[in-house]
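Data block below; observations after.
Please treat every number below as a calculation from the coordinates, not as lab data. Note that the structure is predicted; figures quoted are calculated from it, not measured. Quick reminder, even Gly has a Cβ in these numbers, built from the backbone with ideal geometry, and neighbours come from all protein chains shown.
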Amino acid sequence: MREELISLREEALRDIAAVTNTPAFERVRIAYIGRAGRLTQAGEKMRHVPKDDRPEIGKLLHEVRQVITGALESRAAELRAAMEAAELSGVDPTLPGVAFAAGYLHPLQMLQKQVVEIFRRMGFALAEGPGIETEWHCFDALNTPPDHPARNEQDTFYLPDGRLLRTHTSTVQIRTMETQAPPVRIIAPGAAYRRDEVDATHLAQFTQIEGLYVDEDVTLGDLKGTLEYFFRELFGADTRVRFRPHFFPFTEPSYELDVRAAALGGGERWLELAGCGMVDPAVFERVSERRGDDAYDSRRVRGFAFGFGLERLAMILFGVPDIRMFVENDQRFLSQFSR
Amino acid sequence: MKVSLEWLKDFVPLPESADVLAAALTDGGTEVIGQEERGNIPDKVVVAQILSSEQHPNADRLSVCRVEDGSGQPRQIVCGAKNYKVGDKVPLALPGAVLGKDFKIKAGKLRGVVSDGMMCSAKELGLAEDAEGLLILPPDAPVGHLLGELFQPDTVLELEVTPNRPDLLSIQGIAREVATLTHAKFHVPTISDPTIAPAGERVQLRDGGCPFYSARLIRGVRIAPSPPWLAARLTAVGLRPINNVVDITNYVLLEMGQPLHAFDYGKLEGGIVVRSARDGEKMQALDGSDLTLRAYDLVIADGVKPVALAGVVGGVATSVTEITTDILLESAWFEPTRVRRTAREFGLQTDSSYRFERRVNPAGVLAASARAVELILQVAGGDAENQTLVAGVAPEDAREVFLDNDRCRQLLGMEIANDEISAILERLGLVASDSGLWIVPPFRPDLTREVDLIEEVIRVAGIQRVPSRLRAFPASSGIADRRHDRAEILREKLRGQGFSEARNSHFVSAESLNRAGVEAAQAMTIRNPLGAEQALLRPTLQAGLLAALAHNVRHGTSSVRLFEMGPTFTKEGERVALGIITTGAVTKDTWKTASELTDFYDLKGVVEAVFGTMAVTPSSDAGLSACLESSLTHGILQRVPREVAVFYDAKTPVFYAEVLLDRWLEAEPGVVRVKPLAKFPSVERDLAVVLPTSIPFVEIEHSLQAAKAAHLQEIFLKDVYRDASGEKLDAALRSLTITLTFREATRTLTADEVDCAVATLRDHVKTELGATFRE
């Protein structure tokens, strides 16, 4: 038994040393310490060892087992290390990473989302209206007289049935007030259409963002505060906003809004970015006639409205030289707007 | 509107610098969009007199002049202008003078003849924007003196006058505004209204478009070029001098805002009749165009013919020319809408129509006439009839408007004292009447309501005094919020699938739809499109996305993955659609992996990744096309037919999907309810079903589901095998390896249970579809 254990030890150490890969290692491991392995069987033979010899043989068996398992473990570690070394040989960590490339959102969409988020923080809800509109919603309700130049066929697209493509998103003001009583606080992005010949700064269809706030105690101060906050959120804390008196049929007083900010190329130049004003009482009158109630009685409610073109804003902000790039859909252009 | 500051100074003292003035006007709502310096005559330009003029020996268009420049030594100058005569005094730039930015005058030869300087036009000297020929100086200009001594430097501002402020379309109106905004004093020389007499038969008003007309006859005028002061003021603001009488009418138009017209009285046949034109009546306008009039055009006629298009343009037949001696000066008031319609129909926007369209001050008609007569007599001589003939009555534009000062403060959200409100309105020319009522002057037709007065108060007080207020109230979200948010989710999902967002014009042409294989008949048409290219509204997104794909392919992008979300227009209404287009490699090749060309199943996978599984019904059309349908959306998925794709220069197969989104966007987003996680392992078995290729997978899937095998949890298609050679498998057949997953929530399944379930499935597919199985 003693000799048998010693030769078992020698053979095992030889076999383990000879192993060079994992399957061979497994075979050797099972051959010696598996359920039917030679060492396991040797252990079972202990029953037949005379009682007196047992302490000595038992001790030897224990030693042999320790030697073999120790050798297996260290061989296993060597094999893992060799395997890892083989796997890593020739690996160059400076090779480029590989990932599935996500696409890009349209820059106008990204900017629009940013704008909407800022107004939502101030408690504005979204609103929508159709692109094909009635003359009443686009002009009459917005206090634009019947012979106003904007209404002629030179400036506005008409459909054969007399409807038109809205020339501004201000129609959404009317659509909203028709169905919703004050207070109203909405932000409405959407397409607008004007009969402009397409060139580097004009598209016949462009994007506007409209806002309206009507309640019992809305003031010109609210208009100022709201738009100042908006532009500072959008362009940064250094943004300066100037309200320049202007004229629009549907607001009074009316202002054009000029902005200066480092984000807009800095400079000393005021950039005209938006139109705004207090809702003209005539607009409330038209809406009231349509609604047949006094929810928008101009003696009780007041409001402000504003609107701006998204393309112009994006052109200045992103340095886009030609407005047509927004509808060209060149992936080399779109892929620059990662985030 | 261009304003000469020198002219403006006649009526109001100006701030020290033009910049301060410009800022005041801009802050007051009249934006200054341009500023130019005029009349800064360069050095070395002197007054010279032309002594002789002869034809240039080598050039038909040039003359050789000898001029006196004050030195006593005649100078020889080659000149191209024709508008002078010997004895005229003209500006002469001596060698060394620099005109404009860097045009240096040198002595030299022109076509072989010595030219020792240059005689100049008003434009070359920066006195006018546009001028032909030499600037002819007055006969008393001192020869040899620097020209700069004769001309005052001037600054010209270009103003953008808003359409509600017709009162600002004159120098005097601007002066009044400047006085209000800068706290200066506005002064107008008082012109006594002329004696008036009813015109009787001499002027007949037969159309409501002209409620008031005045005419003054001046006999014995001498038509000549305007004196320099007059020519200079007109040229400074961009008008070209014509002759003294016409120039005076333009001068008064600019100064007072009242358009005037001078007829050659000798050419009028009978009295003045203001009437609507007869349909088809003809008139040649001053600009030379032949107009065919229509019944709604308002004309000034004599007894025989129309002689002017009322308020728009005069006629050639009775225009003032060099031989005119007697003139009839018209000053009248025309209905804005009539003038606007006629001016627009003929495309004739004149200084006159521009003002009448925006409403001329009816109270200023006679004063302008008197001012013009005074100036004509001064520059052209002659004798005016004592009386101005008038017909009709000027509209009464004065009115009273109520202003509640508290409401003013409430709307503005600022404190402003009653006294200050009153002071502002008074500076604007309003007069306080009874409690809260204000009398509005006739030159401010825009002030008719309380809010108009509030606007004036804050315009003059300045919005910078209004304290900003920022308040936020919670908003309950509505359907538009949901549509917006759900659309954003779609965008993010598509972006994650490697698609970039496109935006195309909503306008399309019938041709582009046909080319894209889209039925154009259903598209909405524009009545007045910008051109055939943009004559329709897009019924689908397909044409635009194909064009976008073509643009990218043509610019060398072989892998195109684009989507667009936006409105489409059909007779049924506006619907938001999502279009997805792709061609070429799914991803970029990398050093590690080569990409595969995208195919039908890639795009189908994208659609399913975004919307979940959709029912797919293969279309009966030729080619590869299928209808997509789920409970919230439907659409199409197709391989774009090759004959269509070639138009767009596609080099690899193109795949396109489009679904309608409205119901999906408006759907209530479901709430997730968590299912318990499995505690016991599942068992998978592969089943290789062999069936004719003609049987779609969806039928096999349905058949497996219909077998109602116990514990079956998932059917997953793992492999499709075909052998075109027919060696290993009949070419008409295919083998589908389907992984079946079985699971029981409460225990581990036994092998027997799974075997039994698989047998059920096999039997069902065999009986129902005639399938065989590969082991």
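For chain B, the longest principal axis of the alpha carbon atoms and the long axis of helix B:450-461 meet at an angle near 80°.
Using equal-weight Cα scatterers in the Debye expression, the normalised intensity of segment A:2-88 in log10 at q = 0.11, 0.12, 0.16 Å⁻¹ is -0.34, -0.40, -0.63. Across peptide B:450-456, the average count of Cβ atoms from other chains found within 10 Å of a residue's Cβ is 4.
Taking the fewest neighbouring Cβ atoms within 10 Å as the starting point, the ordered list for B:R294, B:R338, A:R240 is A:R240, B:R294, B:R338. By the Stokes-Einstein formula, at 1.567 mPa s and 4 °C, the protein assembly as shown with its Kirkwood radius over alpha-carbon pairs has D equal to 34 µm²/s. Which percent, nearest 5, of DSSP beta bridges in chain B are antiparallel? Counting DSSP beta bridges with both partners in chain B, the antiparallel share is about 95 percent. Here the ratio of the Cα radius of gyration of segment A:100-214 to 2.2 N^0.38 Å is 1.19.
Sorting B:133-145, B:346-358 by average packing, meaning the other beta carbons within 10 Å per residue, from highest down gives B:346-358, B:133-145. Other residues with beta-carbon under 11 Å from the beta-carbon of B:G271 carry, at +1 per Lys or Arg and -1 per Asp or Glu, a net charge of -2. Legend: mean number of C-beta atoms from other chains within 10 angstrom of residue C-beta atoms, peptide B:498-510, equals 6. Take each residue in A:256-262, count the other chain C-beta atoms within 10 Å of its C-beta, and the mean is 1. Take every pair of alpha-carbon atoms less than 8 Å apart whose residues are at least six positions apart; their mean separation over the length of chain B yields a relative contact order of 8 percent. Computed extension gain for B:F716 through B:A622, at 0.36 nm per residue and net of the alpha carbon distance, reaches 31.0 nm. By the count of neighbouring beta-carbon atoms within 10 Å, fewest first, B:S115, A:S89, B:S433 end up ordered A:S89, B:S433, B:S115. Protection proxy ranking for B:228-235, B:519-526, using the average of other Cβ atoms within 10 Å per residue and placing the highest first: B:228-235, B:519-526. Of all DSSP beta bridges in segment B:683-774, what percent run antiparallel (nearest 5)? Approximately 100 percent, going by the DSSP bridge assignments.
Here the alpha carbons of chain B define both size measures, Rg and Dmax, at 41.8, 131 Å. In terms of the mean number of neighbouring beta-carbon atoms within 10 Å, the peptides B:182-195, B:389-402 order highest first as B:389-402, B:182-195.
Projecting label points 7 angstrom from Cα along Cα→Cβ for B:E37 and B:R482 puts them 6.6 nm apart. The mean of 1/r over all distinct Cα pairs in segment A:287-332, once inverted, gives the Kirkwood hydrodynamic radius of 14.4 Å. Projecting label points 7 angstrom from Cα along Cα→Cβ for A:E285 and A:E178 puts them 2.1 nm apart. Can you work out the base-10 log of I(q)/I(0) for segment B:479-666 at q = 0.20 1/Å, using the Debye formula on its C-alpha atoms alone? For segment B:479-666 at q = 0.20 Å⁻¹, log10 I(q)/I(0) is -1.55. Only beta bridges with both residues in the protein assembly as shown are counted; by DSSP, about 95 percent of them are antiparallel.
Once both labels are positioned 7 Å from their Cα atoms along Cα-to-Cβ, the gap between B:V304 and B:E158 label points is 4.4 nm.
The fewest-to-most ranking of A:D140, A:D322, A:D52 by surrounding Cβ atoms within 10 Å reads A:D52, A:D322, A:D140.
The convex hull defined by the C-alpha atoms of segment B:196-392 has an orientation-averaged projected area of 9.6 nm².
On the beta carbon distance between B:T590 and A:V67, with R0 = 30 Å, the FRET formula returns roughly 0.05. With a Förster radius of 60 Å applied to the C-beta separation of A:A17 and B:I489, the computed FRET efficiency comes to 0.45.
Remark: relative contact order (segment B:33-188) = 29 percent; criterion is Cα-Cα distance under 8 angstrom and separation of 6 or more residues. The lysines within cross-link reach of B:K592, meaning a Cα-to-Cα straight distance under 29 Å and a gap of 8 or more places when in the same chain, are B:K493, B:K604, B:K651, B:K718. Enumerate the lysines that B:K123 could reach by cross-link, defined here as Cα to Cα under 29 Å, with residues fewer than 8 away along the same chain left out. The qualifying lysines are B:K2, B:K9, B:K44, B:K82, B:K85, B:K89, B:K101, B:K104, B:K106, B:K109.
The A:A200 and B:T750 beta-carbon pair, evaluated with R₀ = 51 Å, returns a calculated FRET efficiency of approximately 0.10. Which shape class, rounded, prolate or oblate, goes with segment B:525-606 when its Cα gyration tensor gives a ≥ b ≥ c as root eigenvalues, a/c under 1.5 marks rounded, and past that a/b bigger than b/c marks prolate? In terms of gyration-tensor shape, oblate.
Estimated purely from DSSP H runs of n ≥ 4, each contributing -39500 (n - 2.57), the mean residue ellipticity at 222 nm for the protein assembly as shown is -9500 deg cm²/dmol once divided by its residues. Hydrodynamic estimate: the Kirkwood radius of chain A over Cα pairs, inserted into Stokes-Einstein at 25 °C and 0.890 mPa s, corresponds to D of 92 µm²/s. Per the Debye formula on identical point scatterers at the alpha carbon atoms of segment B:1-124, with no solvent, log10 I(q)/I(0) at q = 0.14 Å⁻¹ is -0.71.
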